Amino acid sequence: MHRMIETLPAADACRDGHAARLMQDLRGPHFGGGLYVECPCCRGNTCAQREMAISNWSRINGRPVPKAHVAAVRRVG
Ligand SMILES: [Zn+2]
């Protein structure tokens, strides 16, 4: 079961220009649940943290990871 959390800014669109959406997989973390970013053509890895999901999305779309996201990931460890 999935639900949409938010639509990401245009700067986070995929390589093909699709708007990206932050989604939540409502299953427990041990059953593949968590947050991920997707568009009509691709989907990022499921991560426990919003910042990690967006960072993963940026990487797979060949975009530098926003500094704020990197800082957040480091803080999480
Ligand atoms: Zn796309």
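The values are calculated or read from the model by the stated rules, or taken from the named source; none is laboratory data. Please read these numbers as outputs of a predicted model, since none were measured by experiment. Please note: Cβ atoms are built from the backbone with ideal geometry, for glycine as well, and neighbour counts cover all protein chains shown. Areas reflect the complete protein model, heavy atoms only, side chains present, ligands, DNA and RNA absent. Shrake-Rupley method; radii C 1.70, N 1.55, O 1.52, S 1.80 Å.
Brief remarks follow.
- If you go through segment 9-24 and pick out every residue that is at negative phi, assigned to a loop (DSSP other than H, G, I, E, B) and within 12 Å of the ligand (Cβ to nearest atom), you end up with 7.
- Among (1) under 12 Å from residue 53 (Cα atoms); (2) of a type in the set (D, E, K, R); (3) open to solvent by less than 70 Å² (accessible area, probe 1.4 Å), the one test that residue 21 misses: (3)
Residue by residue, here is whether (1) away from the ligand (no atom under 13 Å from the Cβ); (2) open to solvent by less than 20 Å² (accessible area, probe 1.4 Å); (3) aliphatic (A, V, I, L, M) holds:
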{"residue": "1", "(1), (2), (3)": "yes, no, yes"}
{"residue": "4", "(1), (2), (3)": "yes, no, yes"}
{"residue": "26", "(1), (2), (3)": "yes, no, yes"}
{"residue": "29", "(1), (2), (3)": "yes, no, no"}
{"residue": "37", "(1), (2), (3)": "no, yes, yes"}
{"residue": "40", "(1), (2), (3)": "no, no, no"}
{"residue": "55", "(1), (2), (3)": "yes, yes, no"}
{"residue": "58", "(1), (2), (3)": "yes, yes, no"}
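- Residue check, residue 37 modelled with pLDDT of 95 or more and not acidic (Asp, Glu): yes
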